[in-house]
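Working notes, beginning with the structure itself.
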Amino acid sequence: MNNFDYTKPLSVEEATHLIDQNDKAMFIAGGTNIVDLWKYNLSQPDALIDISALNKSEAVIPLENGTLRLNASATNAETAYHPLIEKNYPLLSKAILAGASAQIRNMATNGGNLLQRTRCYYFYDADVPCNKKIPGSGCPAKDGYNRMHAILGTSEECIAVFPSDMCVALSALNAVVNIEDKNGKRSIPFADFHRLPGNTPEIDNDLKKGEIITSIDLPPIHFTDHYSYLKLRDRHSYAFALVSVATAFKLDNDQLSDVRIALGGVAHQPWRVKEAELYLEGKLANETSFSAAADIILQEAKGFKYNNFKIELAKRAIVRNGLMALHPETQLPGAQPSA
Amino acid sequence: MQKSVGQPINRLEGKLKVTGAAKYAAEYDVKDVVTGYVLSSPVTKGKILEMDTSDALALTGVIDVITHQNRPKLAWFDIQYTDMDAPPGTVFKPLYNEKIMFNGQPIALVLAHDLETARYATTLIKVKYEQEAFDTCLENNLDQGRNAKKGFATLLKPPPPKPTGDFLNAYEQAPIKTSTSYHHSAEHHNPIELFATTTVYEGNGKLTIYDKTQGTINNQLYVANIFGLRYKDVRVLAPFVGGGFGSGLRPQYQLFLCVMAAMHLKRNVKLTLDRKQMFTFGHRPETLQNLRFATDINGKITALNHSAFAETSQFEDYTDPLVAWSHKVYPSANTLFDQKVVPLDVFTPIDMRAPGGCSAMHAIECTMDELAYKLKMDPLTLRLINYSEVDDSSKKPYTSKALKACYLQAAEKFGWDKRNPEPGSMTKGNKLVGYGMATGIWDAYQFPSRVEAMIDKDGKFILNNAVTDIGTGTLTVMTQIAADELGLSMKDVDFRYGDSKKPFSMFQGGSAMTSSTGSAIVVAAKELKVEIDKDLKTITVTRAVTAVAAGKIINPKTAKSQILGSMVWGISKALHEESIMDENLGKYINTNLGEYHIPVHADINDLEVIFAEENDELINELGVKGVGEIGLVAVPAAIANAIFHATGKRVNNLPIHFDELL
């Protein structure tokens, strides 16, 4: 770890000004990912600008139009356990609590959660080529051990997955990411925030250098009766998802409406397929309907040597989670399959 | 006075450990200490052509960089680098020359005023390599398999027993038989305490060394031999060891590098390996086992064949004792055993808790389960049909073997009679339920040791021995034994240990001096229950019962902790733990605790331990046997058998990934 400067600005204006002064400066908030990357010699910032004190407001702020605004500086734990989240957005609470460990959730911030890097083994090893690290250097995951890797939206250059659980729920909830830089503010719909690898796998998302995520907005649609987060992994806690599913819907006379299905652990971004959600509109909430929707979602899925199983697993998970969403009370800690 | 042996006494050092007052090897505040950091080779095989350390040396805070080019002159003969646990071959000598023999090999040591500077400086060293083709794939190199070379270690790990009877003919003729292969991934030691050494440079050729080790005297001799010091001038201390499990049976390379740096700088030096570097030395080897067992129509075993391949390095022949176990438990007139080592471009494997036994018994006890199904017989009945009071492999009676009691007590406690043998027949809500059982066996090793006793002026008995307490409760148990023997209360006994200055002890965990009059074993029966999601196949071990016969139990509390801990490891071996080798890169790729999975709390449920009474008057005066390994041995097979019972699928490769059941 190299020597570095450290500053802790108290305003967004000051923070964006500071980062503008130094090409090799980086923002830090919870530090739960950046410090790892640094120790592994994957990142060598010569200045850290600590943005954890920028927003002293509450973790969660209800706006007049019914939107609920998540403070980007609030921790994942504060957010998951906030009464308004637990009451109106239980899907988000469950997804956050299925991720990482209590210690990490106590440090990690909401903004930072969106910006975590992939956990691809090859990306994490500074001595190994990787297009995400050094564009053009190659992708050893494609012919290597790719159990954890993507089955959707992959490219010749990269088959990494985005590891967040929280973001799978945010995607399903149609969240909006609010951003500021020295020139002003802008908002990005969640679906457009994370990118596919394409031929620029080094770029994870649409946040530009110098921009800060200041908050995340949740639209005023509360899925409180029918929702479920299911996470499948190699141990029952503290492991990244091989496949996860966030499902939410409304039921009118047993018919599905406003269906949301987002997958985690399968792509370089949380994965939603509008066509499948529209297909379910007006259908009965049963195995047949969810199974047909799963087929639509996974139509384009393509496995590699060690992750072919994810296609069948994702299909079954979509069906099961649809049924679990009918009875959210059956959800177990750690987003395990219902008993 | 009330006897303390047999009482569930709390660990005497427990409070020091849970309050953080216990100091581990890297935690000693020695004056003006220099901190080291190792640069590991990114290349798997080849040569270092050039090394440029100038940028690292120019960094403020860096004191020196040691490489093979500028290292101090070292001992000449390989024999001087050997240790009590060295397998046959040539011991690895760090920074010896330009050759690279495995990925992660230490190629430079940076010495600096603090850890951060030293670590950063390693990234500034520029190295040019000539890379050579390497091979790290066991499966592709089975034809390279050969018998292990013989050496000192052969005494502890003898070659496979000679064939008896006529296996091929018996197998051919048998009405009931199996032929199955089992693969086990490599596993790396990941005790919480990282490998670390603090060397105090005392001057006049004297060193005091705080080291993470299971053998203070082993490492004392190692250091003295290599650096040309007098034995009495090298003192190795390890009062607390944050997990041994076999990893500390040999001196690891940080000890060598730390001592070399201290001698070179004539200063105190501290060196800790990082978690990633914990994957650059000894490990449980990857293995491939082939088993062919046969029985008559009544279930009596008539033929046993166990052959195995295990990886080793290109420079030492490590042997995991894999193939002799079945005949130690089950009598058979016809046997054929064979084991080969396959040298690959990796570091030499090392013992890991229940080495050989836990891998072998997984294969053996899954094969027994397969036979039980072929015979349409309860798996427990099959074991009882093949029960023996004599070790058929040595024709010696067991010094004691309360295995039948273990089988029956575990079965009763578990409720084995409620098992419907039909695979997939038992369900609970969304879960398929499976019951599985397996036998555990381990050699009851004993090691020579000498204890020195003194009485101080207050009448307190002071006992001295070099042994380490690797977290097993040695201090507590030794104090209990001594107190009873001397007719004192425990507080009047002061057992001092973990110091090479004290009377001789072998490293803790290894050496065998089994009783010559009988076959000394410790045994266990394991019954456990898994629940598997009917659609998604996620696996949970919901309950496990272990009945152990291990002679007299000195301290039921610490003994139970040993069994519980090893049961958790058994679950880990069956379902989680694996070092993933990327054959294209020639390196392990999941080298951190986020990706090298071991169970978390959510994976562990109801674990029960029963100690079956066993009165062994032959094994030793106290009638005691070790309990460090036995709890692990039977778990993987019991889990695999329970998974078969739940799903009708046999997965013979460990760890079992749930998606293999889809």
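The values are calculated or read from the model by the stated rules, or taken from the named source; none is laboratory data. What you see is a predicted model, and the numbers here were worked out from it, not measured in a lab. Please note: Cβ atoms are built from the backbone with ideal geometry, for glycine as well, and neighbour counts cover all protein chains shown.
Taking the criterion of being surrounded by fewer than 20 Cβ atoms within 10 Å (Cβ to Cβ) and modelled with pLDDT of 95 or more, the residues of the range A:46-58 that qualify are A:A47, A:L48, A:D50.
Among residues of the range B:540-552 being crowded, with 23+ Cβ neighbours inside 10 Å and of a type outside the set (S, T, Y), the one that is farthest from the other protein chains (Cβ to nearest Cβ) is B:G551. Give the range A:123-137 a look and list any residue that's out of contact with any Gly (no Cβ under 7 Å at 6 or more places or on another chain), buried (at least 23 other Cβ atoms within 10 Å of the Cβ) and away from every other protein chain (no Cβ under 14 Å), or say none. Within the range A:123-137, A:K132 is the sole residue that qualifies. Filtered by the rule that a residue be at positive phi and not in a loop (DSSP other than H, G, I, E, B), the range B:528-564 gives a lone residue, B:G551. Look through the range B:612-662, keep the residues that are within 24 Å of the chain's Cα centre (by Cα) and of a type in the set (D, E, K, R), and return whichever of them is nearest to the other protein chains (Cβ to nearest Cβ). The residue in question is B:E629.
In the range B:1-34, what residues are in contact with an Asp or Glu (Cβ under 7 Å, 6 or more places away or on another chain) and not small (G, A, S)? Scanning the range B:1-34 gives B:K3, B:V5, B:Y24. Does the range A:72-87 contain any residue that is in contact with a helix residue (DSSP H, G or I) (Cβ under 8 Å, 6 or more places away or on another chain), part of a strand (DSSP E or B) and away from chain B (no Cβ under 14 Å)? Scanning the range A:72-87 turns up at least one residue that is in contact with a helix residue (DSSP H, G or I) (Cβ under 8 Å, 6 or more places away or on another chain), part of a strand (DSSP E or B) and away from chain B (no Cβ under 14 Å).
Yes/no matrix, rows are residues, columns are (1) at pLDDT below 95; (2) of a type outside the set (K, R); (3) in contact with a Ser or Thr (Cβ under 9 Å, 6 or more places away or on another chain):
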site: A:L63; (1), (2), (3): no, yes, no
site: A:L84; (1), (2), (3): no, yes, no
site: A:A95; (1), (2), (3): no, yes, yes
site: A:A98; (1), (2), (3): no, yes, yes
site: A:R105; (1), (2), (3): no, no, yes
site: A:N113; (1), (2), (3): no, yes, yes
site: A:N146; (1), (2), (3): no, yes, no
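The sole residue among B:L111, B:L124 that is under 28 Å from B:D32 (Cβ atoms), more than 14 Å from chain A (Cβ to nearest Cβ) and modelled with pLDDT of 95 or more is B:L111. What is the residue count in the range A:202-226 for residues that are touching a Ser or Thr at 6+ places or on another chain (Cβ under 7 Å) and modelled with pLDDT of 95 or more? Summing the residues that are touching a Ser or Thr at 6+ places or on another chain (Cβ under 7 Å) and modelled with pLDDT of 95 or more in the range A:202-226 gives 5. Scanning the range A:162-182 turns up at least one residue that is closer than 28 Å to A:A74 by Cβ, surrounded by fewer than 16 Cβ atoms within 10 Å (Cβ to Cβ) and over 15 Å from the mean Cα position of the chain (by Cα).
Of the residues A:K250, A:K231, only one is touching a residue at least 60 places away in the same chain (Cβ under 8 Å) and either more than 14 Å from every other protein chain (Cβ to nearest Cβ) or not β-branched (V, I, T) (or both); which? Steps first, answer last, please.
Numbers: A:K250 fails: touching a residue at least 60 places away in the same chain (Cβ under 8 Å).
Sole residue among the options that is touching a residue at least 60 places away in the same chain (Cβ under 8 Å) and either more than 14 Å from every other protein chain (Cβ to nearest Cβ) or not β-branched (V, I, T) (or both): A:K231.
In the range B:246-350, counting only strands (runs of 3 or more DSSP E) that sit wholly within it, the ones holding 1 or more residues that are in contact (Cβ under 8 Å) with a residue 40 or more places away in the chain, over 30 Å from B:N169 (Cβ atoms) and polar (S, T, N, Q) span B:269-272, B:301-312.
Residues being among the hydrophobic types (A, V, I, L, M, F, W, C), on the phi < 0 side of the Ramachandran plot and assigned to a loop (DSSP other than H, G, I, E, B) are represented in the range B:174-188 by at least one member.
Any residue that is over 23 Å from A:A160 (Cα atoms) and away from every other protein chain (no Cβ under 14 Å) - is there at least one of those in the range A:33-47?
yes
If you go through the range A:103-122 and keep only what is within 11 Å of another protein chain (Cβ to nearest Cβ) and in a helix (DSSP H, G or I), you end up with A:I104, A:Y121, A:Y122. Here B:K557 meets each of (1) in contact with a strand residue (DSSP E or B) (Cβ under 7 Å, 6 or more places away or on another chain); (2) modelled with pLDDT of 95 or more; (3) more than 10 Å from chain A (Cβ to nearest Cβ); (4) farther than 21 Å from B:A360 by Cβ with one exception, condition (1).
Evaluate the following for A:G303: is it in contact with a strand residue (DSSP E or B) (Cβ under 7 Å, 6 or more places away or on another chain), more than 10 Å from every other protein chain (Cβ to nearest Cβ) and of a type outside the set (D, E)? Answer is no for this residue. Only residues that are buried (at least 17 other Cβ atoms within 10 Å of the Cβ), under 36 Å from the mean Cα position of the chain (by Cα) and under 21 Å from B:M260 (Cβ atoms) were counted in the range B:29-63, giving 10.
Among the residues making up the range B:570-593, those that are surrounded by 21 or more Cβ atoms within 10 Å (Cβ to Cβ) and within 7 Å of another protein chain (Cβ to nearest Cβ) are B:H576, B:D582, B:L585, B:I589, B:N590. Being facing chain B (nearest Cβ under 10 Å), under 23 Å from A:I151 (Cα atoms), touching an Asp or Glu at 6+ places or on another chain (Cβ under 8 Å) and free of Cβ contacts under 8 Å to residues at least 24 places away in the same chain narrows it down to one of A:R316, A:R320, so name that one. None of the other options fit; the residue is A:R316. Condition first: more than 14 Å from every other protein chain (Cβ to nearest Cβ) and either crowded, with 20+ Cβ neighbours inside 10 Å or not aromatic (F, W, Y) (or both). Can you find one or more residues in the range B:594-606 that meet it? Yes: the range B:594-606 contains one or more residues that are more than 14 Å from every other protein chain (Cβ to nearest Cβ) and either crowded, with 20+ Cβ neighbours inside 10 Å or not aromatic (F, W, Y) (or both). Beta carbons closer than 7 Å, at least 6 apart along the sequence or on distinct chains, pair a first residue in the range A:64-77 that is within 10 Å of A:D217 (Cβ to Cβ) with a second that is of a type in the set (D, E) for A:T67/A:D217; A:R69/A:D217.
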